[in-house]
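Below: the structure, in structure tokens.
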């Protein structure tokens with residue numbers, strides 16, 4: 001039984017992959033722990049055939065080799081069932097905002113299965129941990145739970161550890177006051193998923209962080225147009241959109257650009 005105050009089921013998840021490139025690398029193992037409103041847990045763990053060789057340097061980290069997944073299902077074969085499992089759920093994990101969420105979204109986009117994250121609360125236990133106690137998942141598990149993490153870098157072990165860490169973080173920090181950069185006191189950790197979402201998410205518009213919000217305006221966060229309004233750039237340099245759509249950017253970034261471009265076109269009518 002968990003102690004989280006939930007309005008929606010909260011799915012903790014972790015991925016093991018062929019590498020660290022969020023737009024090109026593929027999932028070889030995934031694990032989902034769904035915390036239900038009644039306090040129960042549902043666990044789903046799958047090894048997947050990534051349909052590409054697993055580099056040896058990655059296998060040495062997570063212990064999964066080509067031979068282990070040659071007969072495993074592909075992501076495409078489980079994608080629709082996975083979407084059903086995640087329907088109506090918020091998402092949580094350790095470092096999911098920078099890695100796991102972008103990789104998962106890319107996998108769904110690659111097989112043309114609709115999976116939206118912007119309507120969900122996203123809670124990253126790593127950001128809470130770094131905010132309060134800058135360390136790793138293994139150290140977090142030891143610090144908050146008083147246990148040694150056995151099987152680190154296995155998807156299910158890491159996922160279950162993150163589940164226990166977030167529960168312990170809320171118990172440990174709820175009501176604790178901290179000072180912000182301006183010296184103002186606040187109590188940032190509360191047992192509310194919206195508040196934790198607001199604390200752990202960033203101003204990124206796309207998952208790769210190529211576009212961010214500044215004063216409620218989408219601006220580029222890289223390159224020659226860094227800090228420039230996306231809509232203004234597309235207006236003054238129409239070819240830039242085409243360059244990005246043909247470039248080595250993630251499918252999610254390209255989808256986000258198209259949405260912004262269409263929004264600009266509608267506003268100009």
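A straight line joining the Cα centroids of the range 160-183 and the range 253-269 runs 38 Å. Rounded to the nearest 5, the antiparallel percentage of DSSP beta bridges internal to the chain is 75%.
Our estimate of slack between residue 61 and residue 226, defined as 0.36 nm per intervening residue step minus the Cα-Cα distance, is 55.9 nm. Over all alpha-carbon pairs of the range 211-267, lay out the pair-distance distribution in 10 Å bins, whole %, shortest bin first. Using 10 Å bins, I get a P(r) of 24, 64, 13 for the range 211-267.
Restricting the calculation to alpha carbons of the range 48-88 gives Rg and Dmax of 12.6, 37 angstrom. With all projection directions averaged, the alpha carbon convex hull of the range 91-243 covers 11.6 nm². Over all pairs of distinct alpha carbons, what does the Kirkwood formula give as the hydrodynamic radius of the range 1-131, in Å? Its Kirkwood hydrodynamic radius stands at 15.4 Å. If you run the Gaussian network model on the chain, springs between alpha carbon atoms under 10 Å, then out of 34, 44, 121 the most flexible one is 44.
The mean of 1/r over all distinct Cα pairs in the range 180-242, once inverted, gives the Kirkwood hydrodynamic radius of 14.0 Å.
Each of 174, 150, 106 was scored by other Cβ atoms within 10 Å of its Cβ. Listed from fewest to most, they are 150, 174, 106. Solvent-free Debye calculation, one equal scatterer per alpha-carbon of the range 1-46: log10 I(q)/I(0) at 0.16, 0.26, 0.33 Å⁻¹ equals -0.53, -0.85, -1.14.
Each reported figure results from applying straightforward, stated rules to the coordinates on display, with no laboratory input. Please read all numbers here as calculations on a predicted model, not as lab measurements. Please note: Cβ atoms are built from the backbone with ideal geometry, for glycine as well, and neighbour counts cover all protein chains shown.
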